[in-house]
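The values are calculated or read from the model by the stated rules, or taken from the named source; none is laboratory data. Because the structure is predicted, anything quoted here is derived from the model rather than measured. For neighbour counting, all protein chains shown are included, and Cβ atoms are generated from backbone atoms with ideal geometry for every residue, glycine included.
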Ligand SMILES: *Cc1c(COP(=O)(O)O)cnc(C)c1O
């Protein structure tokens with residue numbers, strides 16, 4: 001593109017590097033002329049969809065000639081029943097990524113500061129930069145968010161703080177005590193976004209449940225997704241919970257039809273499939289133990305994780321191993337864009353899939 005056209009974009013976008021998703025299976029197979037590849041690169045649910053969600057989505061497709069319900073009436077009622085949050089405090093999103101972006105567009109103006117942790121989800125700096133805000137990455141402590149350092153970073157310029165609990169790509173989580181201490185240091189004019197994309201995998205009362213806290217903090221926005229433990233990544237559905245006033249502001253900018261008919265129906269239905277959720281969590285816990293044992297045997301270091309992936313530290317550039325694994329038809333996630341060039345993130349799969357990752361790692365690393 002000619003330089004003159006780049007200058008048409010707002011300053012933040014001119015220097016923006018786009019989000020790089022995990023390599024799609026189809027692309028790898030086309031490039032290598034192989035079949036039967038395995039993708040453990042985007043933290044998707046290895047169980048495939050819940051049959052209840054699939055059935056609801058298929059039924060809903062008969063309505064695809066009509067616009068979806070812009071108010072998401074039925075889903076919000078179901079969310080209220082499930083999580084005791086008011087429909088007037090819920091914003092639906094085309095995945096939670098949509099909401100992370102919407103929050104930036106509603107609240108940020110050029111020059112505002114956005115704080116997030118080093119090694120936190122890459123979408124936060126992207127949103128900040130696209131809004132011409134100033135992103136500040138606060139150094140992590142043992143790969144985890146350092147909430148004390150984040151509190152110390154707050155200045156009159158600070159408008160937004162993004163936190164991921166558990167965090168992607170490190171899998172670390174902070175406690176309710178740490179979170180409450182942070183919130184008491186945050187002025188009410190600074191918004192805190194608590195991204196709980198992996199919270200379903202946590203069975204630990206010391207970790208906060210953001211949905212229980214939105215009533216307590218007027219400056220807190222909690223985001224949740226149906227993409228991980230609920231198995232609906234391809235349909236795109238997430239929601240944000242916040243005060244009625246913040247929710248009203250978000251809905252002024254939200255595109256009215258950002259959540260489609262199939263996604264709304266599947267999300268509403270899947271909340272009834274507790275058996276699916278239970279199997280998601282159990283499969284993940286077993287897979288976590290399996291991969292941890294495998295990594296130990298291969299003498300590969302990993303960051304202990306509370307989510308549905310494990311990040312390994314190869315203690316040298318991970319790129320050759322990533323590429324050699326691709327040639328074996330196994331896609332994992334390199335983390336160079338996170339400034340973690342020696343790490344690979346492995347989504348936890350089924351037992352057979354985890355075996356295949358461990359085999360591929362062993363062969364490609366010559367262990
Ligand atoms: C996967 C993920 C999301 C969810 O993205 P969706 O747009 O809901 O699919 C949000 N935050 C983090 C930290 C994630 O890893």
* To do: Go through the range 133-168 and count every residue that is part of a loop (DSSP other than H, G, I, E, B) and under 26 Å from residue 305 (Cα atoms).
  => 10
* Identify, please: which residue in the range 169-178 is under 22 Å from the mean Cα position of the chain (by Cα) and away from the ligand (no atom under 16 Å from the Cβ) and is, among those, surrounded by the most Cβ atoms within 10 Å (Cβ to Cβ)? -> 178
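Pick from 197, 242, 263: which is buried (at least 23 other Cβ atoms within 10 Å of the Cβ), under 23 Å from residue 102 (Cβ atoms) and more than 15 Å from the ligand (Cβ to nearest atom)? Spell out the reasoning first.
On the way: 197 fails: more than 15 Å from the ligand (Cβ to nearest atom); 263 fails: more than 15 Å from the ligand (Cβ to nearest atom).
Checking each option against the conditions leaves just 242.
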* Quick one: what pairs do we get from the range 118-138, first residue closer than 16 Å to residue 166 by Cβ, second in a loop (DSSP other than H, G, I, E, B) and away from the ligand (no atom under 16 Å from the Cβ), C-beta under 7 Å, 6+ apart or different chains? -> 118/139
* Can you run down the residue pairs with Cβ atoms below 9 Å, 6 or more apart or on separate chains, where the first is in the range 222-242 and at positive phi and the partner is near the ligand (Cβ under 9 Å from one of its atoms) and in a strand (DSSP E or B)? => 236/93
* Scope the range 350-362; condition surrounded by fewer than 18 Cβ atoms within 10 Å (Cβ to Cβ) and closer than 14 Å to residue 314 by Cα; matching residues -> 362
* Kindly provide the set of residues from the range 337-349 that are out of contact with any helix residue (DSSP H, G or I) (no Cβ under 8 Å at 6 or more places or on another chain) and surrounded by 24 or more Cβ atoms within 10 Å (Cβ to Cβ), ordered by number. => 343, 345, 347
* Could you please let me know if residue 161 is surrounded by 24 or more Cβ atoms within 10 Å (Cβ to Cβ) and farther than 20 Å from residue 282 by Cα? => yes
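If the requirement is being within 16 Å of the ligand (Cβ to nearest atom), under 30 Å from residue 364 (Cα atoms) and surrounded by fewer than 21 Cβ atoms within 10 Å (Cβ to Cβ), which of these qualifies: 306, 316?
Answer to the selection: 306.
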* Asked: Here are 208, 166: which of them is over 15 Å from the mean Cα position of the chain (by Cα), within 16 Å of the ligand (Cβ to nearest atom) and at pLDDT 95 or above?
  -> 208
* Could you tell me whether residue 266 is under 26 Å from residue 358 (Cβ atoms) and touching a residue at least 12 places away in the same chain (Cβ under 8 Å)? => no
* To do: Check off (1) in a loop (DSSP other than H, G, I, E, B); (2) within 15 Å of the ligand (Cβ to nearest atom); (3) farther than 28 Å from residue 49 by Cα for residue 217 and give me the number that stays unchecked.
  => (2)
* Structure fact -> Only one of (1) out of contact with any strand residue (DSSP E or B) (no Cβ under 8 Å at 6 or more places or on another chain); (2) within 16 Å of the ligand (Cβ to nearest atom) does not apply to residue 31, and that is (2)
* To do: Would you check if there is a residue in the range 227-239 being touching a helix residue (DSSP H, G or I) at 6+ places or on another chain (Cβ under 8 Å), within 16 Å of the ligand (Cβ to nearest atom) and over 28 Å from residue 348 (Cα atoms)?
  => no
* **Filter result for the condition that a residue is buried (at least 18 other Cβ atoms within 10 Å of the Cβ), assigned to a strand (DSSP E or B) and either within 12 Å of the ligand (Cβ to nearest atom) or under 21 Å from the mean Cα position of the chain (by Cα) (or both), over 127, 114** => 114
* Unique residue being surrounded by 17 or more Cβ atoms within 10 Å (Cβ to Cβ) and within 16 Å of the ligand (Cβ to nearest atom) when the list is 133, 72 -> 72
* Structure fact -> Of the residues in the range 75-111, those that are loosely packed, with under 14 Cβ neighbours inside 10 Å and away from the ligand (no atom under 16 Å from the Cβ) come to 77, 81, 82, 84, 88, 109, 110, 111
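Pick from 274, 319: which is under 30 Å from residue 93 (Cβ atoms) and without any contact (Cβ under 8 Å) to a residue 40 or more places away in the chain?
Numbers: 319 fails: under 30 Å from residue 93 (Cβ atoms).
Only one candidate passes the filter, namely 274.
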